[in-house]
Structure formats: C-alpha cells, structure tokens
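Asks: Please find one structure pasted underneath; my questions will follow.
Read the figures in this text as sums done on the coordinates, not as results from a lab. These numbers come from a predicted model, not from an experiment. Note: ideal-geometry Cβ built from the backbone for every residue, glycine included; neighbour counts use all protein chains shown.
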Amino acid sequence: MTRFARARFLLSAAAPEQFPSDRGVEIAFAGRSNAGKSSAINAILARRALARTSKTPGRTRLVNFFELEPERRVVDLPGYGFARVPQHERRAWAVLVDGLRARASFRGVFLIVDARRGIGAGDIELIDWADPARRAVHVLLTKSDELDRREGAGALAAARSAIAGCAGVQLFSAHTGAGVAEAQRLLCEWIKNSPAVSDEAAGAD
C-alpha cells in the first residue's frame, strides 16, 4: 500500500487569499518549467495523474494544493525560468509564491532540477528564497535515467558543489522509479516531524 493512500487534490489558488487555512505542515515542490515537477509529485505520491503533466513549459500557472492527510499538504508551485511567460504573469507568480513563504505552515521544499542541465542561477535563487536556515530543502535531480552511471555521478557531484551544503540532493527518475523510495521516506519524515517545528510545538501535537 502506498505511504500516501489518502492523497487528494485539494484546491488551486490564483491569489494568496485563496490558500487553505494556515495550519499544519506544507511541503512545496518547485523547479524550472519542464524539469519534471508534476511527474515527480505523481511518482512520490504513487498517483498516475494527481498532478497534471504537460510538455508545454510554463503551463502550471496556479498554486496547487494536495492533501496527504488532515493538515498535511503538498504544494505544487508554478515553474520558473521560462522566457516566453509574459512579465505580468511573472509578477503574479511572485505574489503567489511570496504568499506561501509568509505562511507558518510552510516547512520545506523539494527542488526539482533536470539532471542533464544541472543547478542554475534560478535554482540557487529558489534555495535562497526558501531560506534553508528555517526550512528543509532537498534537490531531486530528475530524468537521471537519461544519464549513464558516470554522467549521473558527475551530475550529483556538481549539484552538491553548487548548493554548498544548503540542501540535500539525490538522483531521481519518475520513469524508472530510481530514488522514489528515498524521496517518499523524506517527505514522510518532513510532514510528521517537520524540521521547522520547535520542541515545544512538537510536544503539543
């Protein structure tokens, strides 16, 4: 049985005031457009089409919330780094993601990076935005099945160097399932024992 048997789509938000109540724990999935974010969510939650995938970069333009269990949510953020997106839409996305950042329930981020491209400036900015001193950040190097063993090891080493200890990192493939179990274990740990929850708050659960 899947670890997330109760996972379900909760809502899509076009503005922060449409977000669910700021209670519990939220773990975001973020990444460049077309890096494989929706496929990663579906693989980790063991759902074939819970998060919609598209071959058109920049297709996700809302913040999508998925409930794993009461007051435990995954948040699918709009992709970034797609040059054809109009400036007014980029500004709207900034308002959305900054609205998430202000929430007490926002506790961690899975950063989706295409292993063939490596960590870019936008990814480093996303890590800084997430504030690793306050929230856990973990990088999934997706589409790793398209690299051979030597290339995969090189991509992993390069990513570790680029993030300089600010986040965890692993190879991942939604297609072959490589790294999925590791990511599932980490998500379970985060939603049940959030690194941003104080000892006092944890004792009150």
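Asks: List the relative contact order of the chain as a percent without decimals, with contacts defined as Cα pairs under 8 Å and 6+ residues apart.
Replies: 23
Asks: Quick one: dipole size for the chain, taken about the Cα centre, charges +1 on Lys/Arg Cβ and -1 on Asp/Glu Cβ, in debye to the nearest 20.
Replies: 680
Asks: Take each complete run of DSSP H in the chain, measure how far its Cα atoms stretch along the helix's own axis, and keep only those covering 15 Å or more with mean Kyte-Doolittle hydropathy at least -0.5; list them.
Replies: 149-163, 180-192
Asks: Got a sec? Charge dipole of the chain, +1 on Cβ for Lys and Arg, -1 for Asp and Glu; which of A133, A155, L187 is way out at the positive end?
Replies: A155
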